[in-house]
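The values are calculated or read from the model by the stated rules, or taken from the named source; none is laboratory data. Note that the coordinates shown come from a computational prediction; the quantities given were computed from them, not determined experimentally. Cβ atoms come from the backbone with ideal geometry, glycine included; neighbour counts cover every protein chain shown. The area values use the complete protein model at the heavy-atom level, side chains included, leaving out ligands, DNA and RNA. Shrake-Rupley method; radii C 1.70, N 1.55, O 1.52, S 1.80 Å.
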Amino acid sequence: DLALKSLEPIRERVSSCIMATCCHGVCVWNDYVGRDHLIAAVQLPSFGAAEFELLRRWSSGTVQGVWGKPPRNTKEEDLLNRTTASDHQTNEDVDEHQTAHSGDRPDVSNVTKVVEALQLKCGMQGLGRACQRLIDYGRREYIRAVLLPGSSVELLYYAPPSVTPQNAVLIAHRN
């Protein structure tokens with residue numbers, strides 16, 4: 001998202017771009033370029049930082065489903081669980097928000113528990129992949145609307161999931 005934002009000042013000189021859509025688990029709502037597009041797509045005006053936090057967390061199911069959960073207290077886990085001061089919200093705030101709205105439902109911040117509780121046939125990988133594509137949808141629409149208006153933007157896979165589950169790329173070019 002920060003790489004996409006960095007193209008804004010020079011967008012008139014950009015005719016095409018290729019962006020790998022990795023690192024979904026470290027996205028931050030305030031830096032995410034596709035906020036307005038994602039809100040419009042899910043048709044929930046109340047969709048915001050707390051709901052995006054769930055998408056971010058659940059997107060890790062794609063990686064966890066392939067290689068298992070990373071060891072505790074690693075730099076990767078720290079990145080996956082970070083929040084920033086600009087969020088004005090901590091992971092504890094999100095958990096409280098979830099609890100207040102979930103009643104007797106399981107902890108919705110944990111992708112494994114969500115998949116088990118809802119008995120999703122897609123499993124962790126399927127839910128994680130769906131969350132990644134939702135995040136990428138907002139990025140794609142941002143490219144179309146802001147960076148390269150009227151451009152053609154495609155989401156392609158550059159490697160098989162067995163090599164890396166973070167295997168998508170957005171390719172955009174002016175028509």
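For the stretch 160-175, the candidate set comprises residues that are more than 13 Å from Met19 (Cα to Cα) and within 19 Å of the chain's Cα centre (by Cα); within that set, the residue that is surrounded by the most Cβ atoms within 10 Å (Cβ to Cβ) is Pro165.
All of (1) out of contact with any helix residue (DSSP H, G or I) (no Cβ under 9 Å at 6 or more places or on another chain); (2) surrounded by 12 or more Cβ atoms within 10 Å (Cβ to Cβ) hold for Ala3 with one exception: (2).
Among the residues of the stretch 130-137, at least one is modelled with pLDDT of 85 or more, closer than 16 Å to Ile18 by Cα, outside any loop (DSSP other than H, G, I, E, B) and not acidic (Asp, Glu).
Within the stretch 138-159, restricting attention to residues that are part of a strand (DSSP E or B) and under 22 Å from Cys27 (Cβ atoms), the residue that is most open to solvent (accessible area, probe 1.4 Å) is Tyr157. Just one of the listed residues (Asp78, Asp104, Asp93) is exposed (fewer than 13 other Cβ atoms within 10 Å of the Cβ), at pLDDT below 70 and assigned to a helix (DSSP H, G or I), namely Asp78. Residues in the stretch 112-123 that are aliphatic (A, V, I, L, M) and open to solvent by less than 50 Å² (accessible area, probe 1.4 Å) were compared, and the one that is modelled with the lowest pLDDT is Val115.
Selection of the stretch 21-53 for residues being surrounded by fewer than 19 Cβ atoms within 10 Å (Cβ to Cβ), charged (D, E, K, R) and not in a loop (DSSP other than H, G, I, E, B) yields Arg35, Asp36, Glu51.
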